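Worksheet: the structure to be examined is printed underneath.
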Amino acid sequence: MSELTENLAVCIERGKINQAASYPPDLRGKEGADEIARNALAAGETADAILEGCMTGMSRIGEKFGQNKVFVPDLLMAAKAMNAAMAHLKPYFKSGAVKHKGRFVVGTVAGDLHDIGKNLVAMVVEGGGWEVVDLGVDVPPEKFVDAVKANPGCVVGLSALLTTTMVNMEKTVQLIKAGHPDAMVLVGGAPVTAAFADQIGADGYSSDPQGAVKLLESKAA
Ligand code: B12
């Protein structure tokens, strides 16, 4: 990683949103994720490199959370910093869009409020030429089914970050398939695996947004 992307990773990990933010106190007055991402792009860093910096910061804070070294408010600040950086990436991921290849209905399953990964997938898929219908977070299975009805022929993407909400992913797949057996359903999120996707009857799994685009391409072909 370059110095700029490492600085970005530190800002995400420490929850430093922008220069005006007074948190964390020891970084007061210093540039935050917002400025560093913007300046790095202006200096010629690629959107992928910026994303790598963001993901590195996020995985560092996630690891510390797992070891009880930081707590939920720290995660929230990291998420805010990551969103500030990601806002600069949107135009880069979107730039591939010319003509829509189809519709992608995406959401985080019931009980789950994590949306950073889902938003990234939405952004990259949109850049891949798909129209995205984002249902948000904590989406009940019935709401996914309503969206499939309202968007015939769409592909559905389900995200889950908690082991406890994976069961809602299964319920959602079952309910969609019961009424719309031909609807293609893709699943993802840190605890989700290809084996789990198979087990719950999903049509595809990817650990990253690029893989999701490839799966969508197979549908469009
Ligand atoms: C940020 C964060 C939060 C933020 C979320 C903010 C937000 N707006 O999203 C907040 C503070 C709200 C939060 C809350 C909680 N969190 Co949290 N959180 C995280 C953290 C640090 C990062 C998650 C993240 O954004 N990663 C970065 C993104 C880009 O990665 P991603 O989501 O995996 O997405 C990628 C892929 O999975 C894939 N993908 C994702 N979705 C999809 C969908 C499709 C269709 C496809 C194809 C691909 C795909 O593509 C993405 C890009 O590559 C993780 C730890 C970690 N390192 O993952 C814990 C983590 C997920 N949280 C955890 C926990 C326990 C919680 C809480 C229960 C804590 C609490 N005690 O309250 C609550 C639950 C709230 C709820 N009901 O959802 C645990 C989950 C443990 C488990 N086994 O279930 C983790 C793993 C932390 C830990 N080490 O213990 N959290």
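Amide H contacts under 5 Å for Gly204: Val185, Val187, restricted to partners 5 or more places along the chain or on a different chain, H placed in the peptide plane at 1.01 Å from N. In percent, rounded to a whole number, the relative contact order of the range 43-130 is 29, using alpha-carbon pairs under 8 Å and six or more apart.
Here the range 54-147 has an Rg and Dmax of 15.2, 47 Å, counting Cα atoms alone. Amide H contacts of Asp112 (H built 1.01 Å from N, in plane; Pro and chain starts excluded): Asp138, Val139 sit under 5 Å, all sequence-distant by 5 or more or on other chains. Taking a Cβ cut-off of under 9 Å around Asn18, the surrounding Lys, Arg, Asp and Glu residues balance to a net charge of -2, with basic ones at +1 and acidic ones at -1.
Do the alpha carbons of any pairs in Lys90/Lys171; Lys90/Lys177; Lys64/Lys118; Lys149/Lys219 sit beyond 25 Å of each other, and which pairs? From the list (Lys90/Lys171; Lys90/Lys177; Lys64/Lys118; Lys149/Lys219), the Cα-Cα distance tops 25 Å for Lys90/Lys171; Lys90/Lys177.
Summarising the label geometry, the points placed 7 Å from Cα in the beta-carbon direction at Gln199 and Asp26 lie 4.2 nm from one another.
Counted by Cβ distance under 15 Å from Lys69, the other residues give a net charge of 0, where Lys and Arg count +1 and Asp and Glu count -1. Phi angles across the range 102-116 convert, under the Karplus curve 6.51 cos²θ - 1.76 cosθ + 1.60 with θ = phi - 60°, into 3J(HN,Hα) values of x, 10, 10, 9, 10, x, 9, 5, 3, x, 10, 9, 6, 10, 5 Hz, Gly and Pro given as x.
Computed over the Cα atoms of the chain, the ratio of the radius of gyration to the Kirkwood radius (Rg/Rh) comes to 1.00. Taking Cβ atoms as reference points and 10 Å as the exclusive limit, the residues near Leu135 contribute a net charge of -1, counting Lys and Arg as +1 and Asp and Glu as -1.
Near Val132, the amide H atoms lying under 5 Å from its own belong to Phe104; only residues 5 or more places off or on other chains count, and H is placed 1.01 Å from N.
Only helices enter this figure: runs of n ≥ 4 DSSP H residues, each worth -39500 (n - 2.57), summed and divided by the residues of the chain, yield -17000 deg cm²/dmol at 222 nm to the nearest 500.
Computed from backbone phi, the HN-Hα couplings of the range 59-64 come to 6, 5, 5, x, 5, 5 Hz, rounded to whole numbers (Karplus: 6.51 cos²θ - 1.76 cosθ + 1.60, θ = phi - 60°; Gly and Pro given as x).
Shape class for the range 103-220: rounded, because the ratio a/c of the largest to smallest gyration tensor axis (alpha-carbon atoms, square roots of eigenvalues) is under 1.5.
What aspartates and glutamates could a cross-link reach from Lys143, if we take a straight Cα to Cα line under 14 Å and drop same-chain neighbours fewer than 8 places away? Partners within reach: Asp134.
Here, each number is a calculation from the coordinates, and none is a lab measurement. Note that the structure is predicted; figures quoted are calculated from it, not measured. Positions of Cβ are generated from backbone atoms using ideal geometry, with glycine treated the same way; all protein chains shown enter the neighbour counts.
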